[in-house]
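> Sharing a structure, written as structure tokens. Questions coming.
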Amino acid sequence: MTSPESQSPAPQPEPESKDRVYRSVPAIAGGVLLLAIAGWLGIDALVSGEGRTQWLALALMLLIVPLVVAFTLRPAVYAGDDRLRIRNPFRVIVLPWGQVASLKSAYSNEVLTESGAKYQLWAVPVSLRARKKAARREMRATAQVRRSMGQDEGRGSALGMRAGLGHGLGGGGPESEGPARAETDRIMDELRGLHEARHQVETAQGEVTVRWAYEVVGPAVAGVVLVAILLAVG
């Protein structure tokens, strides 16, 4: 008579961390508006047009709609613990953090790989206007802090000691909020911090993969060919 073997409990799968998703809200809003205009004009041409006009309207919609979607609604950046996935207009790039060399911001936000390849982050566009506004806010905050410090010094040492004690205990003030930064620059700071934290982790190693978005390229190419044929036929 044999005793039943003791069964060890099955290991519980570790909960998967959700990716941080970054997208451009102005681009999405603009894309929706452009699609609405293209749909309105295209459907009107299909309904009320005659002869070659209907075919030309169909061809133009087949060309324009995928391009609008590709450059406005499609771009996104997914940042996880182990990889960075970039969905650009015509490609999807998957970069394990171990393959990322740096993230740079100039006139565009880009990621550089260890092999020297460069990929632009379409979903995180640089706004020079937002940078200038953030710089002006930072200058005003700095000037306000200096004025308040000068006033505290003029009121006497006792008041200055109380003000210093308040700051030491975490009292509010422009300095406690950190430097003003544009939204896309803050996003890049988050990505750099995640890269620094996960660059050497074993699960964040692997190969870079690039996949073409044929679901966008195919209709756009078909639209170009159809427009060219219609124009050639006359």
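> Residues F90, F71: which one is open to solvent by 30 Å² or more (accessible area, probe 1.4 Å) and in contact with a Pro (Cβ under 7 Å, 6 or more places away or on another chain)?
F71
> Something else about it: Would you check if there is a residue in segment 101-110 being touching a Phe, Trp or Tyr at 6+ places or on another chain (Cβ under 9 Å) and free of Cβ contacts under 8 Å to residues at least 12 places away in the same chain?
yes
> On to the next question. Give segment 93-106 a look and list any residue that's part of a strand (DSSP E or B) and open to solvent by less than 50 Å² (accessible area, probe 1.4 Å), or say none.
Listed by number, the residues that qualify are I93, V94, L95, P96, V100, A101, S102, L103, S105.
> Can you find even one residue in segment 42-59 that is open to solvent by 50 Å² or more (accessible area, probe 1.4 Å), on the phi < 0 side of the Ramachandran plot and under 31 Å from the mean Cα position of the chain (by Cα)?
No, segment 42-59 contains no residue that is open to solvent by 50 Å² or more (accessible area, probe 1.4 Å), on the phi < 0 side of the Ramachandran plot and under 31 Å from the mean Cα position of the chain (by Cα).
> Anything in segment 176-234 that is modelled with pLDDT under 90, within 19 Å of the chain's Cα centre (by Cα) and either open to solvent by 90 Å² or more (accessible area, probe 1.4 Å) or among the polar types (S, T, N, Q) (or both)? List them, or say none.
The answer is E183, T184, R186.
> Right, something else. Working only within segment 42-84, note down all residues that are assigned to a helix (DSSP H, G or I) and free of Cβ contacts under 8 Å to residues at least 12 places away in the same chain.
I43, D44, V47, S48, T53, Q54, listed by residue number.
> What's the number of the only condition in (1) modelled with pLDDT under 95; (2) farther than 14 Å from L194 by Cβ; (3) open to solvent by 30 Å² or more (accessible area, probe 1.4 Å) that N109 fails to meet?
(3)
The values are calculated or read from the model by the stated rules, or taken from the named source; none is laboratory data. The shown structure was predicted, so the numbers you read here are calculated from the model rather than taken from an experiment. Every residue, glycine as well, gets a Cβ built from its backbone with ideal geometry; the counts of neighbours run over all protein chains shown. When the accessible area is computed, the model is the full protein with side chains, heavy atoms only, and any ligands, DNA or RNA have been set aside. Shrake-Rupley method; radii C 1.70, N 1.55, O 1.52, S 1.80 Å.
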